[in-house]
Number of protein chains: 2
Amino acid sequence: MDTNHRIRELINRIARLDAAHSWEGDLNPAQRGALEYLVLANMYSRAPSHVAEYFGTTRGTMSQTLKVLARKGYISEESSKSDKRSISYTPTDAGRALVSVSNPIAVAFNSLIPDEQSELENALRHGLQLALKVNGGQSFGLCKTCKHYDPQGINGFCNLLSVSLSESESNKICVEHKEVASGAS
Amino acid sequence: MDTNHRIRELINRIARLDAAHSWEGDLNPAQRGALEYLVLANMYSRAPSHVAEYFGTTRGTMSQTLKVLARKGYISEESSKSDKRSISYTPTDAGRALVSVSNPIAVAFNSLIPDEQSELENALRHGLQLALKVNGGQSFGLCKTCKHYDPQGINGFCNLLSVSLSESESNKICVEHKEVASGAS
DNA sequence: TTTAAATAATATCGACTCGATACTAAATAC
DNA sequence: GTATTTAGTATCGAGTCGATATTATTTAAA
């Protein structure tokens, strides 16, 4: 049993403990995860296929979860004008309220000293990046760390989508995010 | 969105990616988790209720998962002589073979530099301890870090169960584990 | 331009998870 | 010697999940 197996085991166990709490309040862990993603994602990243890729699951599976979430009234469906095949989900006020409640796992990690917290976040993020590289998955980061981000104008500009970004958009998760080459090996 | 929420989000996302891989080879994530636990746990810690507590789920749910695992031939059931209500599961050779295959997530974290790995492990373990304290759950650690551990004899002695430990036993997970008071706040 | 191939979302299927509830049997308390 | 606790299960209903197949729609190629 080496270090990386123990790390994986710890991550899985903490996630499972979190999942156990996650049942409170009309949602199951998969639904809660999807809803939390939708709250954090920008308007170009809220299609079923995007949520599916974020969680490493299939479109079919995520499609069902999102339909349930919509039926429960926590997200609303909106079809795209430019591509009639595409749809996008937006959290409702009820949905936003649900994800904003305090969480025991987050509270526990809040008790770590700040240095430990930031070390932990960086190491997890780094490990995730490496895992995604193996999988060929997208990084789903924020505009400001993206190679398509151009800090022109008030809140920057996306060179890939050719749009000016609003304050809130540039602080959200994007499917198209490509980590700008840095120290990450 | 503060640091501890981002940490929780990262942990959940990595676990979900791991779960997606976990479907390979005749097992689903819950079954694989339970099997992995049973491989690591000592002989006093392999009852359905122990596995259930480890993962923060109910006895009923875990009972079903273990029955499936037994039906598939990856674990074998054994009833206790001292307490006729109790049973204990032991991984079969087929079960052990299944959990020893290399894992993409573990491989990814293996690429972190050693310092980063140990920092990560410690911080996760610390966070988990704090989360368990809130939950009132058991720590499920190894004998050597347990307050019931007495380093007498060849491989030590357990003061709680009043038994001499074998080499392999003292390196396994135990339900009765109580973290010896240390720097953990 | 008209077929061909790729893409987005969904429906359906079967095995299984999961919490909740109710139950049996055995051990422990009083 | 009865009451209560504890260990494990069966059963239920909603939902996950991968697999597969299907429908629209878009894009590429001939």
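A few points about this structure:
- Screening segment B:1-108 for helices (runs of 4 or more DSSP H) wholly inside it with 1 or more residues that are within 10 Å of DNA strand D (Cβ to nearest atom) and either touching a residue at least 24 places away in the same chain (Cβ under 8 Å) or surrounded by 15 or more Cβ atoms within 10 Å (Cβ to Cβ) (or both) returns the ranges B:3-22, B:29-40, B:48-55, B:59-71.
- The residue list B:GLU24, B:GLU77, B:GLU36 contains one member that is within 16 Å of DNA strand C (Cβ to nearest atom) and under 14 Å from the mean Cα position of the chain (by Cα), which is B:GLU36.
- Segment B:22-65: number of residues that are facing another protein chain (nearest Cβ under 8 Å) and under 16 Å from B:SER100 (Cβ atoms): 3
Bear in mind these aren't lab numbers, they're just calculated from the coordinates by the rules spelled out. The structure presented is a predicted model; accordingly, all values stated were derived computationally and were not measured. Cβ sites come from the backbone with ideal geometry, for glycine too, and all protein chains shown count toward neighbours.
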